[in-house]
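Encoded as structure tokens, the structure appears first; notes follow it.
The values are calculated or read from the model by the stated rules, or taken from the named source; none is laboratory data. Being a predicted model, the structure only gives us computed values, none of them experimental. In this analysis, Cβ positions are derived from the backbone assuming ideal geometry, glycine residues included, and neighbour counts consider all displayed protein chains. These accessible areas exclude ligands, DNA and RNA; they are computed on the full protein's heavy atoms, side chains included. Shrake-Rupley method; radii C 1.70, N 1.55, O 1.52, S 1.80 Å.
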Amino acid sequence: TAASDNAKTVRLRGLSINGMGSATDGIRILAVNQVYIEDLLIDGVSRHGITVGAPNSFLSVARTTIRNAANFGINLEPPAQTTATLAMESSNVSKCEAGLFAGRGAIVTVRDSAFLNNVTGVAAQDSDVALVECIVSHGERGLMARANSAIRISLTTVTRNQTGLGATSGGKIISFKNNIVHGNGTDGVPTHTFPQI
């Protein structure tokens, strides 16, 4: 938070963080402009694997595994009237209450990643999420779009969940007609569809 540090950038690479069930969060981001997380393992925390509360921050996550978080694998909840941006690729989140929770002000893009064996794979509320070439499987709920949120899916597979797609209170799940949503207890349907361009 030093005023002289204009970049306020943090880079974490090649770490293994084991909370052993007692550490609260694997990584907590409170005051920063940019965070780059690469080739990490986060396991066994009592709250969130990664939680972002820094206003107007950017988080990049690549080639990272998050598992066994009691609450959310990744939690984005910036302060009111601010944003938090996540760009995630080639990562895996499993065995969490929610693999990814995008709260108010979150802007998320996820590519080539897996959300497996979570209670909810991806949940959005008052936020915008895009999933490209992802798999969401083996959970109670695959994708959940709540009030004032949109989850856009392209080349994404949602299968082997109790419920595949769910939208409540005006939340949107937008499909570009190139996804697989099949083999769930209840597949569900997108609220909106658009052709590929």
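Structure summary
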read-out	value
Positions within segment 150-167 being open to solvent by less than 30 Å² (accessible area, probe 1.4 Å) and not in a strand (DSSP E or B), in sequence order	THR156, ASN161
Where ALA147 falls short, out of the listed (1) assigned to a strand (DSSP E or B); (2) small (Gly, Ala, Ser); (3) under 28 Å from GLN81 (Cα atoms)	(1)
Count of segment 47-88 residues which are within 20 Å of VAL32 (Cβ to Cβ) and not in a loop (DSSP other than H, G, I, E, B)	20
Residue match in segment 1-10 (condition: surrounded by 12 or more Cβ atoms within 10 Å (Cβ to Cβ) and modelled with pLDDT of 95 or more)	no
Scan of segment 91-116 for residues that are in a strand (DSSP E or B), of a type outside the set (A, V, I, L, M) and closer than 16 Å to ARG152 by Cα, ordered by number	PHE101, THR109, ARG111, PHE115
Answer from GLU133, GLU97, GLU140 - the residue that is open to solvent by 10 Å² or more (accessible area, probe 1.4 Å), closer than 20 Å to LEU59 by Cα, among the charged types (D, E, K, R) and modelled with pLDDT of 95 or more	GLU133
Matching option when the condition is of a type in the set (A, V, I, L, M, F, W, C), under 19 Å from ASP128 (Cα atoms) and touching a Leu at 6+ places or on another chain (Cβ under 8 Å), among LEU86, LEU15	LEU86
Among the residues listed as ASP43, ASP25, the single one being open to solvent by 20 Å² or more (accessible area, probe 1.4 Å) and closer than 24 Å to ILE135 by Cβ	ASP43
Options THR83, THR157, THR163; residue that is among the polar types (S, T, N, Q), more than 14 Å from the chain's Cα centre (by Cα) and over 28 Å from SER46 (Cα atoms)	THR157
Candidates GLY188, GLY170 - the one that is buried (at least 19 other Cβ atoms within 10 Å of the Cβ), among the small types (Gly, Ala, Ser) and either free of Cβ contacts under 8 Å to residues at least 12 places away in the same chain or part of a loop (DSSP other than H, G, I, E, B) (or both)	GLY188
For GLY105: the one exception among (1) of a type outside the set (A, V, I, L, M); (2) open to solvent by less than 60 Å² (accessible area, probe 1.4 Å); (3) under 21 Å from ALA7 (Cα atoms)	(3)
